[in-house]
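Below: the structure, in structure tokens.
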Amino acid sequence: MRTRTILVTAVAAAAMLAGCSDGPGPTASGDPSSTGSAPQAGAAGTPSATPGGTAPSATPSDAATEVPAASREVPAECASLALAGGATYSGEALGACVAEALPSYGSGRMRMFGDDLDGTVAFTYTPAYSFSVEGKNAGDTIRMTYNDGEVWVDQGDGPVRGDVKSEKQEEMLAGFVAEMYRSYSDPAMYADLVRSSKGWTADAGTKAVELPDGSSVDSFRIVSDKPFTWHDAPVDEYVLEFGADWVPVSAAATMSVLGQSSTVTQHFYDLGTDITITPLG
């Protein structure tokens, strides 16, 4: 299990690092990705057509319930999309929404788990993106902070500065683990991952999702239409869940490397709460 986690972690981190560099964007199903320009009029997600060509109307079962959360204005990139059962979205339009959904709150927490990974992440986008982690990785207790591009990881022996380019294995692995957390919570990388899939479809109706704070949110489940690649990293499936007004509820990415599959899931909560990140080092 530890080997599988490190392997998939390394690929996810490598993909994240590739996303930070200049050059061609990711591909979806082997085709060149879009250039990253703002979605054009008409590119917003729209409900799938019925046989008669009429978009399905929202019914009580297709409407997400109100989510208790900090007051915030729904980003224009999200407000322009229809959040309804059976709606379809382009990766470009949905990615633009995702890029603004979490930052619109300024801060929050998430539980991130999968295989041998389980941690609570506190994050803030003010003045710049930073986060802290407390949890376990491959059975080991881990604490981590990311501030101003600097990563510190403590697995019980004191803080180690993470650096994926370091020749020291301890620093390199610490850097990879930190970059995986960052790749799944940094809005720029999160949006880039979503844009890599050309098409997305919302399930019919909603389902209740229980969050780490004990609350339950009726959420729409939006799924990538087919497997895709993200900077050469194969993604089997990516699932997003949103409550009313595009409140982020959860995300789950399933990736396969050399025949080994791993799923990383996030549940978002405490959105808009005051959070300060203090570096470990």
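Every read-out reported here was derived from the displayed coordinates using simple, explicitly stated rules and does not represent laboratory data. From a predicted model like this one, the values you see are computed outputs, not experimental measurements. Note that we place each Cβ from the backbone using ideal geometry, even for glycine, and neighbour counts take in every protein chain shown.
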| task | State, as an integer percentage, the relative contact order of the range 215-281 based on alpha-carbon contacts under 8 Å between residues 6 or more apart. | result | 22
| query | Along the range 269-281, what does the Karplus equation 6.51 cos²θ - 1.76 cosθ + 1.60 (θ = phi - 60°) give for ³J(HN,Hα), rounded to whole Hz, x for Gly and Pro? | reply | 7, 6, 5, x, 6, 5, 9, 10, 9, 9, x, 6, x
| Under a point spin-label approximation (7 Å from Cα along Cα-to-Cβ), what is the residue 236-residue 100 distance to one decimal in nm? | 3.4
| note | If each K or R counts +1 and each D or E counts -1, the residues other than residue 105 whose Cβ falls under 12 Å of its Cβ total -3
| Which ³J(HN,Hα) values, rounded to whole Hz and listed in residue order, are derived for the range 162-174 from phi using the Karplus coefficients 6.51, -1.76 and 1.60 in 6.51 cos²θ - 1.76 cosθ + 1.60 with θ = phi - 60°, glycine and proline given as x? | x, 8, 5, 9, 5, 7, 8, 4, 4, 5, 5, 5, 4
| query | How much net charge surrounds residue 79 when only other residues with a Cβ under 13 Å from its Cβ are counted (Lys, Arg +1; Asp, Glu -1)? | reply | -3
| request: Quickly work out the residue 150-to-residue 210 label distance, labels modelled 7 Å from Cα along the C-beta direction, and quote it in nm with one decimal. | output: 4.1
| field | Note, ³J(HN,Hα) from phi for the range 199-215, Karplus 6.51, -1.76, 1.60, rounded to Hz, x at Gly and Pro | value | x, 9, 9, 8, 5, 6, x, 10, 9, 7, 10, 8, 9, x, 7, x, 7
| said: Highest mean first, how do 173-182, 259-268 rank when packing is the count of other Cβ atoms within 10 Å averaged over residues? | reply: 173-182, 259-268
| remark: Between the alpha carbon centres of the range 185-217 and the range 72-98 the gap in Å comes to 11
| query | Put a dot 7 Å past each Cα toward the Cβ at residue 276 and residue 76; how far apart are the dots in nm? | reply | 3.5
| In the neighborhood of residue 150, defined by Cβ-to-Cβ distances under 13 Å, what is the net charge if each Lys or Arg adds +1 and each Asp or Glu adds -1? | -2
